[in-house]
Amino acid sequence: MHVLILGGTAEARRLAELLAADALPGLRVTTSLAGRVTTPRLPPGEVRVGGFGGAGGLAAWLVEHTVDALVDATHPFAATISRNAATAAAEAAVPLLALRRPGWVPTAGDHWHEAGCLTEAAALLPSLGRRVFLTTGRLGLAAFAGLDDLWFLVRSVDAPGTPAPPRMEVLLDRGPFTLAGERELLRRHRIDVVVTKDSGGAATAPKLAAARAAGLPVVVVRRPPVPAGVPVVTGPEQALERLRAAADPRARRDAC
């Protein structure tokens, strides 16, 4: 059984680890990384880096490499590759499963302002604060480039490109982060508004608790939906169970 994991997330790496330890007979695991991070944390098993050339290229790869199950464990905001995965899986007749960590949920004391996209998030900022902690990654900064009157602290794993906000400081860092560290960061930079994508997970959630403790508004960009008809699990362990079922010839037809 050949499993292709579209990865780049902690969940994808954990699934590859679980599969490596599970010792399913005849199992082959390949994890595909987009190559946007210069020093990714590599999972066990085979790894390929780079795109497929759209849905058609992915479908051809699935057929050429005799893939039996496809797991879309990409970032919740990687909408393009998720759409391509759904199209390619249907074209190649390969079962597809989406692995998505649960989104964040506001709690008492949160001051969240939801936005449908980065452009909407940028439009909200002038009425919320002047010093922005921007944690949406290095891509998409163009949406904030026209906000000349605001100052941005931009945190990302790799250095961002242009266009970008004219008044900006870049902080290169990778989670997991701590509550104490996030509270100190907000205090030191005199942050008065936070912007984040609803990525979910524990690694970057402390910024939300820090903003709550400081009484700061948080602009939360809603995640795009999983393509229609694609089954979803919320954890690597659930994905492993589905793949075990797919490895059973009696259940393979409807496992995913």
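The values are calculated or read from the model by the stated rules, or taken from the named source; none is laboratory data. Remember, it's a predicted structure, so these values are computed and weren't measured experimentally. Backbone-built Cβ (ideal geometry, glycine too); neighbour counts: all protein chains shown. Remember, those area values only see protein heavy atoms, side chains included, never the ligands or the DNA or RNA. Shrake-Rupley method; radii C 1.70, N 1.55, O 1.52, S 1.80 Å.
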### Query
Between Trp61, Leu208, Leu141, whose Cα lies farthest towards the positive end of the dipole of the chain when Lys and Arg beta carbons carry +1 and Asp and Glu beta carbons carry -1, centred on the Cα centre?
Leu208
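I need the calculated FRET efficiency for the pair Arg187 and Val49, taking r as the beta carbon distance and R₀ as 25 Å, to the nearest 0.05. Intermediate results must be reported in sequence, preceding the final value.
On the way: r = 39 Å, r/R0 = 1.55.
E between Arg187 and Val49, to the nearest 0.05, is 0.05.
Can you tell me how the stretch 1-128 classifies by the Cα gyration tensor, rounded, prolate or oblate, using a/c under 1.5 as the rounded cut? Don't jump to the answer; show the numbers that get you there.
Numbers: a/c = 2.37, a/b = 1.78, b/c = 1.33.
Taking the square roots of the gyration eigenvalues as a ≥ b ≥ c, the stretch 1-128 is prolate.
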### Message
If you fit an axis through the alpha-carbon atoms of helix 79-92 and take the longest principal axis of the Cα set of the chain, what angle between them do you get, 0 to 90°, nearest 10?
### Response
10
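Please say if the stretch 95-204 is rounded, prolate or oblate, where rounded means a/c under 1.5 for a ≥ b ≥ c the square roots of the C-alpha gyration tensor eigenvalues, and otherwise the choice is prolate for a/b larger than b/c and oblate otherwise? Write down the numbers at each step before the final one.
Details: a/c = 1.40, a/b = 1.27, b/c = 1.10.
It comes out rounded by the Cα gyration axes.
All other residues with a Cβ under 13 Å from the Cβ of Trp61 taken together, and with Lys, Arg as +1 and Asp, Glu as -1, what is their net charge?
Values: positive: Arg48; negative: Glu46, Glu64, Glu91.
Neighbour charge sum, excluding Trp61 itself: -2.
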### Query
Taking the Cα centre of the chain as the origin, how large is its charge dipole in debye, to the nearest 20, when only Lys and Arg (+1) and Asp and Glu (-1) carry charge on their Cβ atoms?
400
### Packing-based order for 147-159, 68-80, using average beta carbon neighbours within 10 Å, highest first
68-80, 147-159
### Query
Which value in nm describes the separation of the simple spin-label points at Ala123 and Val232, placed 7 Å from the Cα toward the beta carbon?
2.5
#### Entry: Lys/Arg +1, Asp/Glu -1 at C-beta; the chain dipole; positive extreme among Thr74, Ala164, Pro102
Ala164
### Query
Rank Lys197, Lys207 by accessible area, highest first, at a 1.4 Å probe radius?
Lys197, Lys207
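If we sort 240-246, 46-52 on the protection proxy, mean other Cβ atoms within 10 Å, highest first, what's the order?
Working: 240-246: 18.6, 46-52: 14.3.
Most protected by this proxy first, the peptides run 240-246, 46-52.
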